[in-house]
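The next block holds one structure in the form of structure tokens; read it before the comments.
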Amino acid sequence: MSTQQVLIKDTTLRDGEQCPGGRFTSDQKLQLGIALLNAGVDRLEVASATVRGDEEPFARIAAWAKANGHLGRIEALGFINERSIDWIVEHGGAGSIVNLLGKGSRRHCVEHLKREPQQHWDDIKRVAAYARERGLTVQLYLEDWSQGMLATVPGEKGRQVPDPYVREMVASLLDRQPNVGRIILCDTLGVLRPSQVFDGIRNVRTWARTKLPVSFHGHNDFGLATANCLAAVRGGADTVDVTVNGLGERAGNACLHEVVEALRLYGRNVGVPRSVLRELSEMVSVFSRRRLPPNAPIVGRDVFHNTAGIHADGDAKGELYVPDARRPEAYGAHLTHTLGKLSGKASVRSNCRQLGLQLDDAQVTELHQRVLALSESKPWVTVGDLQLLAAELLGRPDLVVFEVLLETGRAGWEGMDGASFRGQVRFRGAVHDVAGKGDGEFNAFIQAVRGLSAPQQLRLPTLVDYEVVIPPTPSSPTDPSAALTQAVITWEYSESGTRFITAGVDTNQVRAAIKAAAQAINLANTNGIR
């Protein structure tokens, strides 16, 4: 591929809502819309005209965009009727873009709309002309274009031949047709292979007999959305449609962070910098209430965690497992060597360096053995665990400055009632009675500990993500509730932005989370990660 610029159109606020339970509030849409425009997406589709509930967020985004000189980057889906055009203009969209929803296959045209092809094409021409009169730029979706391209009809002697519907539609609408400024070719059901996308776009550009810009809108039903976007660009598309985290109907749309990074890998220029990808992903994950899998490419929690000991050893000898094309610093992250049953001594040394601990070879060997032993009972050994193990090995009580007294008669669970916590903690050698209330029991614990922040100068890292995992292990035959729960919590130091993970394991979900939090507080108040 050449270094030519590829334009990115984001449709998270419109097509992204077409996932089960998908709904953004008006405030969320405004916040996310501004973030995406500031992040460098070239165009932003924010609503479906006439859909109930889209009026306010569309008007707010359009007003912000107009005030900041971006109204020409704002798009809305419009149906083939004048009412859609009026809706966009009446809500502040004059000067923006309407994406008319045309039918890109004969079946959709005849069976869905109950219109003959020429009738449908005439309708599009009429509404496109009306939209131009009202001050809108017109683009045309060819919905189900993929199946329209694949369809066949009976030919001579009963043989099946390619359905000419798409070719005839393109010729009818775009040959010397001034009202449509772009066509958007949709693989609505995600059924195309990359080679078919490439050939299909080449064909459409030939049939149009014009240099009209072409966009590709792909879905991920067979996991090919990113590959199909690359093929579309090779075939002549100058724009690809994406959503943050791949939100969308069924298996979702082409994913913003995957597509822009794949385009970079192929030498194309895109306007969305790497530094914003994780922030956008996390924002949409929170707003959509949909967690990304930890191994999601580019922005997943585990992407910059090397687990195998041989990888840690190679990194220590020359960053042999850190690709130049994907350095963690470019994404606001840092490389971590995970501890567990596959860890080597290089993994232990790497984590000790993060903690500021200097150990000799014999101490590293012994600490490595203790990590392996702990990994037999705890799925994820974290840097917080390592600090506790090192404190015991080295005889360094200064490495353990915070404890929740769960195991004593003065237990932290004493008086637990609903969303409240009352108990005792030890901080820098002194025992403190603490109490707090919150939205939940874990939040109540955090509020209780927060009471020590000012008088005792206790530092609390910021909680970024909280995941509870119940491993699918058989319950105890004598105690059905004995399955262990693991709480995995991501924290961040507000001063440096450095993130780290702690994990707690217990038969009780809240206790597991409190164990993970205790490790984080201990790290924050010693010479741990900064």
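The values are calculated or read from the model by the stated rules, or taken from the named source; none is laboratory data. This one's a predicted model, so the numbers in the text were calculated from it and none came from an experiment. Here Cβ is always computed from backbone atoms with ideal geometry, including for glycine, and neighbour counts include all displayed protein chains.
Annotations for the structure displayed:
- Of the listed requirements (1) free of Cβ contacts under 8 Å to residues at least 12 places away in the same chain; (2) among the charged types (D, E, K, R); (3) in contact with a helix residue (DSSP H, G or I) (Cβ under 7 Å, 6 or more places away or on another chain), D42 misses just one: (1).
- Number of residues in the stretch 50-67 that are in contact (Cβ under 8 Å) with a residue 12 or more places away in the chain and farther than 18 Å from T12 by Cβ: the value is 5.
- Subset of the stretch 472-527 [modelled with pLDDT under 90, hydroxyl-bearing (S, T, Y) and under 27 Å from the mean Cα position of the chain (by Cα)]: T485, Y493, S494, S496, T498
Yes/no matrix, rows are residues, columns are (1) touching a Phe, Trp or Tyr at 6+ places or on another chain (Cβ under 6 Å); (2) at pLDDT 95 or above:
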site: E116; (1), (2): no, yes
site: I124; (1), (2): no, yes
site: A128; (1), (2): no, yes
site: T137; (1), (2): no, yes
site: Y141; (1), (2): no, yes
site: S146; (1), (2): no, yes
site: P162; (1), (2): no, no
site: L185; (1), (2): yes, yes
site: R193; (1), (2): no, yes
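- Leading residue by the ranking (surrounded by the most Cβ atoms within 10 Å (Cβ to Cβ)) among those in the stretch 169-221 that are over 19 Å from Q139 (Cα atoms) and of a type in the set (A, V, I, L, M, F, W, C): L192
- Beta carbons closer than 7 Å, at least 6 apart along the sequence or on distinct chains, pair a first residue in the stretch 73-93 that is among the polar types (S, T, N, Q) with a second that is in a helix (DSSP H, G or I) for N81/V127.
- Residue selected from the stretch 338-371 under the condition basic (K, R) and more than 22 Å from E319 (Cβ to Cβ), by the criterion modelled with the highest pLDDT: R370
- Residue count for the stretch 265-276, restricted to those that are surrounded by 13 or more Cβ atoms within 10 Å (Cβ to Cβ) and either free of Cβ contacts under 8 Å to residues at least 12 places away in the same chain or not in a helix (DSSP H, G or I) (or both): 5
The rows are residues; the columns are (1) in the same structural domain as T188 (by TED's automatic domain parsing); (2) under 22 Å from E45 (Cα atoms); (3) loosely packed, with under 14 Cβ neighbours inside 10 Å.
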{"residue": "E133", "(1), (2), (3)": "yes, yes, yes"}
{"residue": "V138", "(1), (2), (3)": "yes, yes, no"}
{"residue": "L142", "(1), (2), (3)": "yes, yes, no"}
{"residue": "G148", "(1), (2), (3)": "yes, no, no"}
{"residue": "T152", "(1), (2), (3)": "yes, no, yes"}
{"residue": "E156", "(1), (2), (3)": "yes, no, yes"}
{"residue": "Q160", "(1), (2), (3)": "yes, no, yes"}
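- Which numbered condition P293 misses (of (1) in contact with a strand residue (DSSP E or B) (Cβ under 9 Å, 6 or more places away or on another chain); (2) under 24 Å from Q18 (Cα atoms)): (1)
- Elements of type strands (runs of 3 or more DSSP E) contained in the stretch 118-236, each with 2 or more residues being under 24 Å from F79 (Cα atoms): 137-143, 182-187, 214-218
- Pairs meeting the criteria (first residue in the stretch 483-497 and over 19 Å from I470 (Cβ atoms), second residue of a type in the set (D, E, K, R), beta carbons under 7 Å, at least 6 apart or on different chains) are W491/R499; E492/R499; Y493/R530; S496/R530.
- Residue in the stretch 200-215 that is closer than 21 Å to Y266 by Cβ and basic (K, R) present: yes
- Verdict on I201 being of a type in the set (A, V, I, L, M, F, W, C), out of contact with any His (no Cβ under 9 Å at 6 or more places or on another chain), over 25 Å from P297 (Cβ atoms) and assigned by TED's automatic domain parsing to the domain that holds D42: no
- Test: residue in the stretch 376-387 that is in a strand (DSSP E or B), within 20 Å of A503 (Cα to Cα), at pLDDT 85 or above and not hydrophobic (A, V, I, L, M, F, W, C): no
- Hits in the stretch 327-375 - residues which are assigned to a helix (DSSP H, G or I) and without any contact (Cβ under 8 Å) to a residue 24 or more places away in the chain: E329, R353, D361, A362, V364, T365, Q369, R370, A373, L374
- In the set (1) among the polar types (S, T, N, Q); (2) free of Cβ contacts under 8 Å to residues at least 40 places away in the same chain; (3) under 19 Å from R107 (Cα atoms), the condition left unmet by T188 is number (2).
- Counting only residues that are touching a strand residue (DSSP E or B) at 6+ places or on another chain (Cβ under 7 Å), outside any helix (DSSP H, G or I) and buried (at least 16 other Cβ atoms within 10 Å of the Cβ), the stretch 306-325 holds 1 of them.
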